[in-house]
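Note sheet for the following structure.
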There are 2 protein chains.
Amino acid sequence: MVPLPVPPYLVVVFVSRRTGDDPAGYAAAAEAMDRLAREQPGFLGIDSVHDPETREGITVSYWVDDASARAWKSVAEHAEAQRTGRQRWYDSYEIHVGTVERAYAHPPRH
Amino acid sequence: MVPLPVPPYLVVVFVSRRTGDDPAGYAAAAEAMDRLAREQPGFLGIDSVHDPETREGITVSYWVDDASARAWKSVAEHAEAQRTGRQRWYDSYEIHVGTVERAYAHPPRH
């Protein structure tokens, strides 16, 4: 869980269902993408959960502004396109990009 | 994965870490909350992933407008407050509420 940023900030929600093919290649790529995200300008944090049984995953990344969220989408797509595994790994995915106006934490963060 | 709504729409991102206490009570409550969400006005869809090993979860719900997203937060809090388990189930959680401006699906949805 990330230190709660002060709104407004950008959120990129990546919801995916994996095929189950090539688990080792997928795991290496997922780790590389996580490292790459953390190096980008405007990066605020990332939350990622995968259920090994259903092969569904949700990754939520947080960005200071729309420019950094757009840049990350483009960097991520470029990195993914360079990999041969993408077609094998994902059955389907959806991306939702938006502006967070309100945020809450329990227990409250200071 | 939900049929991709047409932006703008609201997104409520719920990121949680569970204590691991009372798994049966938690599972029943999670199912009840999912059912409750689907009955609310303005509901567009819900994606939810939990990793049984790390006990982390991300639930993303989609709403037609800010009023329905706010109403859902209030209904959910009221329902949760009526349950005695909440303190036992969640170690911590965060909620991010925002407006989705762009959305993508692969394969593309029509």
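The values are calculated or read from the model by the stated rules, or taken from the named source; none is laboratory data. Predicted model only: the values in this text are computed from it and were never measured. Please note: Cβ atoms are built from the backbone with ideal geometry, for glycine as well, and neighbour counts cover all protein chains shown. Keep in mind that these areas ignore ligands, DNA and RNA; they rest on the heavy atoms of the full protein, side chains included. Shrake-Rupley method; radii C 1.70, N 1.55, O 1.52, S 1.80 Å.
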Measuring from a point 7 Å out along Cα→Cβ, what nm distances, shortest first, does A:Glu39 have to its partners in the other copies? 5.0
Ordered by number, the residues of the range B:1-48 that have at least 40 Å² less accessible area in the complete protein assembly than on their own chain alone (1.4 Å probe) are B:Met1, B:Val15
If you fit an axis through the alpha-carbon atoms of helix A:66-81 and take the longest principal axis of the Cα set of chain A, what angle between them do you get, 0 to 90°, nearest 10? 10
Per residue value of the accessible surface for the protein assembly as shown (all protein chains in place, 1.4 Å probe), Å²: 50
In nm to one decimal, list the spacings between the A:Pro7 label point and its equivalents in the other copies, with label points set 7 Å along Cα to Cβ, shortest first. 1.7
Suppose we take every Cα in chain B and form the convex hull; what volume per residue is that in Å³? 106
log₁₀ of I(q)/I(0) at q = 0.18, 0.20, 0.22, 0.30 Å⁻¹ - the range A:49-92, Debye sum with one point per alpha carbon: -0.72, -0.84, -0.93, -1.04
Residue separation times 0.36 nm, minus the C-alpha to C-alpha distance between B:Asp51 and B:Ala27: what's the value? 7.3 nm
Which whole-number percentage describes the relative contact order of the range A:12-87, with Cα contacts under 8 Å and a sequence gap of 6 or more? 37
Could you size up the charge dipole of chain A around its Cα centre, putting +1 on the beta carbon of Lys and Arg and -1 on that of Asp and Glu, and report it in debye to the nearest 20? 140
With all protein chains in place and a 1.4 Å probe, A:His106 shows an accessible area in Å² (nearest 10) of 60
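Work out the length of the dipole vector of the range A:1-63 about its Cα centre, built from +1 on the beta-carbon of each Lys and Arg and -1 on the beta-carbon of each Asp and Glu, and round it to the nearest 20 debye.
Result for the range A:1-63 is approximately 180 debye, rounded to the nearest 20.
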Please report the carbon-and-sulfur percent of the accessible area for chain B; probe 1.4 Å, protein heavy atoms only, DNA, RNA and ligands left out. 53
Compute, for the protein assembly as shown, the length of the dipole vector about the Cα centre, with Cβ point charges of +1 (Lys, Arg) and -1 (Asp, Glu) only. Units Debye, rounded to 20. 180
Taking a label point 7 Å from Cα toward Cβ, how far is B:Asp91 from its twins in the other copies, in nm, shortest first? 2.9
Quick check on the range A:1-65: what are the equivalent-ellipsoid semi-axes from the Cα gyration tensor, as sqrt(5λ), descending, whole Å? 25, 13, 8
Charges on Cβ only, +1 for Lys and Arg, -1 for Asp and Glu, centred on the Cα centroid of the range B:1-104; of B:Gly57, B:Ser92, B:Ala79, which one is farthest towards the dipole's positive end? B:Ala79
Ellipsoid semi-axes in whole angstrom, largest first, where each is sqrt(5λ) of the Cα gyration tensor of the protein assembly as shown: 27, 20, 18
